[in-house]
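Shown next, in structure tokens, is the structure this report addresses.
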Amino acid sequence: MIYKPNFFAEYLSERLIGQAEAVQCLAEALELIKAQLNNPDRPFGSFLFIGPTGVGKTQAAKVLARFLFTHEESLVRFDMNEFIDGHSVSRLVGDFYNPEGLLTTKIRFNPYCVLLFDEIEKAHPDVHNLLLQVLGEGRLTDALGRTVSFCNTIIIMTSNLGAERVGKEINLQRREDLASSTYEKAIKDFFRPEFINRIDKIVIFNKLNAEHIGKIAWLQIRDLLRRHGFLRRHTILNVSEPVLQSIASKGFDPEMGGRALKRQIEKELTVLVAGQLVELHPDTPIIFNLYLQNQQLYPHLVKLVHALPREKPNFIEMPQEALAPSHFEVLLQEVEQLKALLGNNLEDLTTEPSILQLKDQVLDTETQLRSILYEYAFKPEADFSGAQFKVSVPNQKMLRQEKRGGKTQKAHLQELYSHLQIQEYLSEVFQSAERIVNETNALYAEMAQRVAWHRFYLAEWRKYGVEEILLEVRSCIENYGQPEVKKLGELYQRGFGLEPLESPESNIVYLRLRGAGVRTLFEGEVGFHMCMYPSGSILPIEVRLYPLQVGQVAAIQIEALAQARREAPEIPPGLDLSRPGMAAILRLYHYPPESAELDTITDLRSGLISRSFTAKEIQSWLFANLPEGAGIILPAPSA
């Protein structure tokens, strides 16, 4: 794998907060390892991390293990306060009665690891002597005479030597100048020179300040979400900046460092959340919002339920027999009825552009249908399979076997969320899916759906007149999801020509649409749209609809929404405390590995699966989910 410049430093600095020297030291070690320039007869690296408690010494070892070996199980840890007596060496390398030593056995079975000796100064001096051979030659011999190699390990030792002296004796203004010499003196006073000489690098960890604690708070909350109760529920965290600052300020203790913050998070969050989680099904996805109220921290959980599949989505009924002119004659009769309803002198009745455009579209459909019938009559060998209308639906075993969210459907959705190779899995689903429209009937399906759209718009206009809406597409996670929000907005624009408006917030897209039926059409889009990634992370995008008075300036409504959020900055974006803690997931958007391009869209209500996002396919998603009684009359497939 080829790494970009400063990749290692950037990776470490995101996870090891406030320790620039340690980040630089470990980044250089990683570069040597990846370039294979390390000494093959010694460990990959040996480091002594020294500094006060709670500043990230042990965390640095965990981060290193996770990067090199993808999981923290490759961190082999020994707490040296357990090896303070004269028999400690026998326990580590074995003896006559117990030949399997703790240290040698672990390295024999796990030779590629990060080896951590925590609080090395508390170990017996004989243990320090034992480590001389490990640090210098990269090997040890156990009680059975077997040589164990340490050449594929990174050895990290931690110590608090000198930390108390730094905190008490050094003036605050001169601490940075004198801390290094104080620590060095403490090390030289305690360890023998031959031990110090075998250490590659001594790294000093400094005390954390309030700015560092705020960043650490975010990392520790993310660690909290890795607990089984959160992982099983596919928990999505949404925290505003004021909440992070509040947690950091309450948990900030310069003497105790990050551990005091961890206790604060446990105290304020875990107990509060547990009471709400026990009321939910363990497989329920949730959005975990944190907000402040009267300077107190409160969790707000939004339960995400999958939208129930529709019993009968609005799909075009395809002819059972071979395609014939009679099928298109039925469509032409429908169009002639629509013309009669619209009237030949519509311009005298209304000057609304959207209704005039509807009439033009009806006339255009009539022209195309007459052209098709002409081809049938005079060119019987003509090919009518060239229309670009390719939308797939899964078979009955995939999403629609049980129409009311039964066990089969829930098991499928759970598998869809947790499958490790999600792109391969989705490819299998897509390949096995039944095609709604095959190539032979594509032209008929395209014309039939066009006629159905005309009838829907006309019925809505006669019932409600011209309507105007403001559509809000927003990421539910603060400072994340801008590309995904923009992509969903672009899909709506491609399918329906919505007008994009300027947004004062980067994670929100506003779209304006005017015409007949627009409110009914987009009410079905209100809810949550889930972006899913192979890594297992999930990003919820919420769509909201605001009706406008015809002619109302949309910018006024946008500014009013933004002002409401500015007046309550402590509440995370997208969190409405007045709403019930339950919302529907309407659609899943799957992104492939290492790509920002959308791969597959799955509509949970209709069962539609799409991979090529043409305007007609986008329209079909909304058309399939229009409510009953919305003016839809699907044309019969034959005369």
Requested in this report: Check the range 313-335 and report whether any residue there is open to solvent by less than 40 Å² (accessible area, probe 1.4 Å), of a type outside the set (Val, Ile, Thr) and closer than 30 Å to Ala583 by Cβ.
Outcome: yes
Query raised in the report: So is Pro111 in contact with an Asp or Glu (Cβ under 8 Å, 6 or more places away or on another chain), at pLDDT below 95 and either surrounded by fewer than 21 Cβ atoms within 10 Å (Cβ to Cβ) or of a type in the set (Ser, Thr, Tyr) (or both) or not?
Result: no
Report task. Considering only the range 275-301, state which residues are without any contact (Cβ under 8 Å) to a residue 60 or more places away in the chain, part of a loop (DSSP other than H, G, I, E, B) and closer than 30 Å to Ile609 by Cβ. Result -> Leu280, His281, Pro282, Thr284
Query raised in the report: Which of the residues that make up the range 581-590 are at pLDDT below 85 and of a type outside the set (Gly, Ala, Ser)?
Result: Met582
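Residues that are open to solvent by 20 Å² or more (accessible area, probe 1.4 Å) and touching an Asp or Glu at 6+ places or on another chain (Cβ under 7 Å): list the strands (runs of 3 or more DSSP E) wholly contained in the range 501-553 that include at least 1 such residues. Talk me through it step by step, then tell me what you get.
Numbers: elements: 508-515, 527-532, 538-548.
Once the strands (runs of 3 or more DSSP E) in the range 501-553 are filtered for at least 1 residues that are open to solvent by 20 Å² or more (accessible area, probe 1.4 Å) and touching an Asp or Glu at 6+ places or on another chain (Cβ under 7 Å), what remains is 508-515, 538-548.
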Requested in this report: Report, ordered by the first and then the second residue, all pairs with beta carbons closer than 7 Å, sequence separation of six or more or different chains, a first member in the range 473-493 that is open to solvent by less than 50 Å² (accessible area, probe 1.4 Å), and a second member that is in a helix (DSSP H, G or I) and among the aliphatic types (A, V, I, L, M).
Outcome: Val473/Val485; Val473/Leu488; Arg474/Val485; Ser475/Val485; Leu491/Ile618
**Report entry** Pair list, Cβ < 6 Å and 6+ apart or interchain, from the range 1-15 residues that are over 16 Å from Gln59 (Cβ atoms) to residues that are β-branched (Val, Ile, Thr) and surrounded by 12 or more Cβ atoms within 10 Å (Cβ to Cβ)
**Finding:** Ala9/Val23
Query raised in the report: Does any residue in the range 79-100 that is part of a strand (DSSP E or B) come within less than 8 Å, Cβ to Cβ, of a residue that is open to solvent by 40 Å² or more (accessible area, probe 1.4 Å) six or more places away or on a different chain, and which pairs are these?
Result: Asp79/Glu119
Requested in this report: Hey, could you check the range 366-380 for residues that are open to solvent by less than 90 Å² (accessible area, probe 1.4 Å) and touching a residue at least 12 places away in the same chain (Cβ under 8 Å) and say which is nearest to Arg455 (Cα to Cα)?
Outcome: Glu366
**Report entry** Any chance Lys339 is in contact with a helix residue (DSSP H, G or I) (Cβ under 7 Å, 6 or more places away or on another chain) and open to solvent by 80 Å² or more (accessible area, probe 1.4 Å)
**Finding:** no
Report task. Kindly indicate whether any position in the range 83-103 is under 40 Å from the mean Cα position of the chain (by Cα), within 21 Å of Thr158 (Cβ to Cβ) and open to solvent by less than 70 Å² (accessible area, probe 1.4 Å). Result -> yes
Query raised in the report: For the range 444-477, which residues satisfy the criterion of being part of a strand (DSSP E or B) and of a type in the set (Lys, Arg)?
Result: Arg474
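Determine, yes or no, whether Val473 is at pLDDT 90 or above, of a type in the set (Val, Ile, Thr) and at negative phi.
On the way: at pLDDT 90 or above: yes; of a type in the set (Val, Ile, Thr): yes; at negative phi: yes.
Answer is yes for this residue.
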Report summary line: Residue hits (the range 342-365; at pLDDT 85 or above and either in contact with a His (Cβ under 7 Å, 6 or more places away or on another chain) or open to solvent by less than 20 Å² (accessible area, probe 1.4 Å) (or both)) are Leu358, Gln361, Val362, Thr365
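Name the residue, out of Leu304, Leu308, Leu272, that is at pLDDT 80 or above and not in a strand (DSSP E or B).
Only one candidate qualifies: Leu308.
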**Report entry** Whichever residue in the range 104-145 is in contact with a Gly (Cβ under 8 Å, 6 or more places away or on another chain) and in a loop (DSSP other than H, G, I, E, B) and, among such residues, is farthest from Arg77 (Cα to Cα)
**Finding:** Leu144
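Would you mind stating whether Ile155 is over 28 Å from Leu102 (Cβ atoms), modelled with pLDDT of 90 or more and among the aliphatic types (A, V, I, L, M)? Break it down stepwise before answering.
Details: over 28 Å from Leu102 (Cβ atoms): no; modelled with pLDDT of 90 or more: yes; among the aliphatic types (A, V, I, L, M): yes.
No; evaluated as a whole, the condition is false for this residue.
Would you confirm, using the coordinates I've provided, whether Pro299 is at pLDDT below 80, open to solvent by less than 20 Å² (accessible area, probe 1.4 Å) and under 23 Å from Ala584 (Cα atoms)? Break it down stepwise before answering.
Details: at pLDDT below 80: yes; open to solvent by less than 20 Å² (accessible area, probe 1.4 Å): yes; under 23 Å from Ala584 (Cα atoms): yes.
In short, yes.
Being modelled with pLDDT under 75, in contact with a helix residue (DSSP H, G or I) (Cβ under 7 Å, 6 or more places away or on another chain) and either part of a loop (DSSP other than H, G, I, E, B) or buried (at least 21 other Cβ atoms within 10 Å of the Cβ) (or both) is the requirement here; does Ile632 meet it?
Working: modelled with pLDDT under 75: yes; in contact with a helix residue (DSSP H, G or I) (Cβ under 7 Å, 6 or more places away or on another chain): yes; either part of a loop (DSSP other than H, G, I, E, B) or buried (at least 21 other Cβ atoms within 10 Å of the Cβ) (or both): yes.
Yes; evaluated as a whole, the condition is true for this residue.
The values are calculated or read from the model by the stated rules, or taken from the named source; none is laboratory data. Given the structure is predicted, the values throughout are model-derived calculations rather than measurements. Cβ sites come from the backbone with ideal geometry, for glycine too, and all protein chains shown count toward neighbours. To get the accessible areas, we keep the full protein, side chains included, count just its heavy atoms, and leave off ligands, DNA and RNA. Shrake-Rupley method; radii C 1.70, N 1.55, O 1.52, S 1.80 Å.
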